[in-house]
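Okay, structure first, notes after.
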Amino acid sequence: MSDAHNTESCFHSPDPDRNAFMHAVVYGDLDEVRRLLPLVGDDMRSGRAQFKPLHVAAGKNGAELLKLLIPASDMEQRDEAGRNALFPAVVDAECLALLLPLCDTTVTTTDGRSPMFEAVNTDNVAGVRMLIPHTDLKATDRFGFTPLMFAVCKGPNDPRKRTEIAQLIAPLSDANHQDRNGMTALMHACVDVNLPLVEVLAPLTDMRLRQRKGRTAFDIAVGNRDWDCADIMAPFVAIHDEPAVNAAFARSKKSKTGGKNAMPRWAACVEARALQDVVASVSAGAAARESAELAAQTPAEPASAAISRQGGRRI
């Protein structure tokens, strides 16, 4: 249930002091909060389900309001979704800093999501940074998603921030984790054709992993003719299956969405390898010629000299 609903339900309380107090909290009226706080303190400490001024204030009207409310509040109070005050506070770094030492950071919602999921979902980079030391980034929600997967799939607003969040949490996460459908974070990034996230995740992911339908992340990109995604992953796939990369490379050249300039990174790898082969062949040929020339220039040793070197023994 939303904070807006929680707030509205308090406004319709039969207690006029609670109505007035919640109004003051919502609009950040510090003087009115101070005046009414003694009248509603027992309700705040009781943890009544529909009276959550701390939840409403967290991240909404600043740290000064929270400082007033914290001493009179039940810090373990949760809303109907199982969230404590940390969840709304993720949008405000100062509020989050106040609440982190006081609230249970292991709390999860009824969907199994920690405050980190909330920070990711709101594209809040500062909140993510602050929550990293307090979060098990390998834990999953009831859908089998990690915070990293949530960053890849659910970030609603700013692609740049989504990428920054993924860069922050990917090294500390299990990039090889698979959700209920066998999908990794990289596979989800390929489905979304999110090139910056594919760049982040490709070096961290086992390219041999397959989802339920038996496809790897590379298969997904190639199947969708997303040659840019395929090109990013190609060097990592080639470690285990270079023929698959070469087949995709050949296919990209014939594709309407590819053409002669498709998969430029792998093309550069192929050219560099071909050049290395040419250089190695030329070097080997030069070394063989030099050895033959030296052999031709060195006179054969007489048999008598060989006998002398062996101390008079005939060889």
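Take every pair of alpha-carbon atoms less than 8 Å apart whose residues are at least six positions apart; their mean separation over the length of segment 53-191 yields a relative contact order of 18 percent. Applying both filters, DSSP loop and at most 16 other Cβ atoms within 10 Å, to the GluC sites (Glu not before Pro) of segment 65-111 gives E76, E80.
Pairs with C-alpha atoms separated by more than 28 Å, drawn from the list K67/K138; K213/K256; K161/K213; K67/K161, are K67/K138; K161/K213; K67/K161. Loop-located trypsin sites (Lys or Arg not before Pro) across segment 130-204 with a Cβ neighbour count of 11 or fewer within 10 Å are R180, with loop assigned by DSSP. Working from Cα pairs under 8 Å separated by at least six residues, relative contact order for segment 57-101 is 49 percent.
Provide D231, D206 in ascending order of the number of other Cβ atoms located within 10 Å of each residue's Cβ, fewest first.
Fewest-to-most ranking of D231, D206: D206, D231.
Quick note: the coordinates plus some simple rules give every number you see, no bench work behind them. Keep in mind the model is a prediction, meaning the values are calculated, not measured. Neighbour counts are summed over all protein chains in view; Cβ atoms, including those assigned to glycine, are modelled from backbone coordinates with ideal geometry.
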